[in-house]
C-alpha cells in the first residue's frame with residue numbers, strides 16, 4: 001500500500017491516533033477517517049468529467065468530535081431510534097441511554113460513530129475496519145465484533161457490514177454520509193431530485209418513533225416513486241412532514257420480503273443534481289432506507305474549506321432495518337442470535353444524466 005494512502009488525521013484526548021485513509025479508483029476517490037469510520041470525502045466526475053466532492057465533511061478531528069449530526073459516520077449498535085430507550089429480548093428488558101428526548105438514537109451516548117475503528121486491511125481501492133463493542137456497552141447485551149469494508153470500484157462506493165455476538169442481541173448498522181450532488185459546499189439541496197423506490201413507509205408519532213403501521217404512500221407527499229425536486233413538497237401541510245421538519249422517515253424498500261438471499265441488492269433510491277448532472281443510485285440488501293433531507297444541519301462547525309453546512313445542504317440515505325424494530329414484532333427482526341452472523345451490503349453508484357427527463 002502506498003504511504004500516501006494512509007496518514008495521521010489527529011489524536012483523541014486520550015492520545016488515540018485517528019488515521020485518514022484514501023481509496024482511489026479511476027476518476028473516483030474517497031477519504032475515510034478511523035474516528036467513527038466516517039466518509040470524509042467522495043469525489044466523482046460531473047457531466048463534464050470534472051471532479052466534484054459530493055460528501056459533507058470536516059477538516060479537523062476536533063470538528064468531527066464537536067458536531068452532533070453523525071456526518072459521514074458508521075452508526076451502531078442500533079441505527080436510528082429505539083422508543084422509550086428500552087427493549088425486551090428473551091423476556092428481559094434492557095435500558096438504553098435516552099439521548100434523543102425519551103428515546104435512544106444511533107447507538108446511544110457513545111455509539112460506533114464516536115469510537116476509533118481499527119484498520120484490518122487496506123488496498124488501493126478498499127479498506128476493512130473493525131470495532132469491538134463489549135457486553136453492556138450503551139446497555140446492549142453481548143460482546144459484539146463488527147467489520148465494515150469500504151470498496152471503491154467501477155464508479156461506486158460499496159459498504160459491506162459483518163457482525164457477530166456471543167449472546168443474543170439486536171443489531172442494525174448503517175452509514176450516515178450526507179450527500180450534496182452539487183458539491184459538498186453547494187448550498188441547499190432543495191433543487192436536487194430524489195426518488196425513493198418504496199410504495200410503503202413507517203409513519204411516526206412525535207419524536208420520530210414508528211406507530212407500528214407500514215402504510216402505503218399513495219396519495220401522500222411520502223410518495224417519492226417519481227423523481228422530484230426535494231423542495232417541491234417538503235413543506236406540505238402533512239402531519240408527518242410537519243412533525244419532522246421535512247423528510248426524515250423510513251421507507252420499506254420494494255421487493256424485500258425476508259426470503260431472498262441476503263446478498264440480493266435492490267434499488268432503494270436515486271438522486272440527481274441539475275447543477276453537475278451527477279446521478280447517484282443507492283442499492284441495498286436491507287429492508288429499509290431512511291431519507292433524511294438534512295432538515296437540522298445548521299449549527300455544524302464549518303465544513304471542508306470553510307463551507308457552510310446549513311439546513312438541507314446535504315441529504316442522507318441510510319439503509320437499515322426499520323426504526324424501533326425491537327418493539328414492533330411485525331417489523332423485520334433485528335435480533336442477532338449468539339454465534340450467528342449479521343451481514344448486509346449497500347452500494348452508492350455514480351454516473352451522470354443530462355436532464356430530469358431521463359430520470
Inset, instruction - Output the residue which, of all residues in region 226-242 that are touching a residue at least 24 places away in the same chain (Cβ under 8 Å) and surrounded by 15 or more Cβ atoms within 10 Å (Cβ to Cβ), is nearest to residue 359 (Cα to Cα). - result: 227
Inset, instruction - Working only within region 37-60, note down all residues that are within 17 Å of residue 176 (Cα to Cα), outside any strand (DSSP E or B) and touching a strand residue (DSSP E or B) at 6+ places or on another chain (Cβ under 6 Å). - result: 37, 54, 56, 57
Inset, instruction - Considering every residue within region 287-310, establish whether at least one is crowded, with 22+ Cβ neighbours inside 10 Å, on the phi > 0 side of the Ramachandran plot and touching a helix residue (DSSP H, G or I) at 6+ places or on another chain (Cβ under 9 Å). - result: no
Legend entry - residue 211 vs. criteria over 28 Å from residue 279 (Cβ atoms), touching a strand residue (DSSP E or B) at 6+ places or on another chain (Cβ under 8 Å) and modelled with pLDDT of 95 or more: yes
Legend entry - Residue that is in contact with a strand residue (DSSP E or B) (Cβ under 9 Å, 6 or more places away or on another chain) and either buried (at least 21 other Cβ atoms within 10 Å of the Cβ) or at pLDDT 95 or above (or both), where the choices are 247, 256: 247
Legend entry - Subset of region 311-353 (residues that are farther than 26 Å from residue 246 by Cα and touching a helix residue (DSSP H, G or I) at 6+ places or on another chain (Cβ under 8 Å)): 333, 334, 335
Legend entry - Condition met for residue 74 (in contact with a helix residue (DSSP H, G or I) (Cβ under 7 Å, 6 or more places away or on another chain) and more than 30 Å from residue 211 (Cα to Cα)): no
Legend entry - Condition check for residue 316: at negative phi, touching a strand residue (DSSP E or B) at 6+ places or on another chain (Cβ under 9 Å), part of a loop (DSSP other than H, G, I, E, B) and touching a residue at least 60 places away in the same chain (Cβ under 8 Å): no
Inset, instruction - Can you tell me which residue within region 319-359, out of those that are touching a residue at least 60 places away in the same chain (Cβ under 8 Å) and part of a helix (DSSP H, G or I), is nearest to residue 292 (Cα to Cα)? - result: 325
Legend entry - Exclusive hit being over 20 Å from the mean Cα position of the chain (by Cα) and either part of a strand (DSSP E or B) or touching a residue at least 24 places away in the same chain (Cβ under 8 Å) (or both), set 281, 218, 257, 275: 275
Legend entry - Residue ID - farthest from residue 121 (Cα to Cα), chosen from residues in region 10-36 that are out of contact with any helix residue (DSSP H, G or I) (no Cβ under 9 Å at 6 or more places or on another chain) and assigned to a loop (DSSP other than H, G, I, E, B): 14
Inset, instruction - Would you confirm whether any residue within region 186-194 is free of Cβ contacts under 8 Å to residues at least 60 places away in the same chain and either closer than 29 Å to residue 300 by Cβ or assigned to a loop (DSSP other than H, G, I, E, B) (or both)? - result: no
Inset, instruction - Select from region 59-74 the residues that are on the phi < 0 side of the Ramachandran plot and buried (at least 24 other Cβ atoms within 10 Å of the Cβ) and write down the one among them that is farthest from the chain's Cα centre (by Cα). - result: 64
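The values are calculated or read from the model by the stated rules, or taken from the named source; none is laboratory data. These figures come from a predicted structure and were not determined experimentally. Don't worry about glycine lacking a Cβ; one is built from the backbone with ideal geometry, like all the others, and counts go over all protein chains shown.
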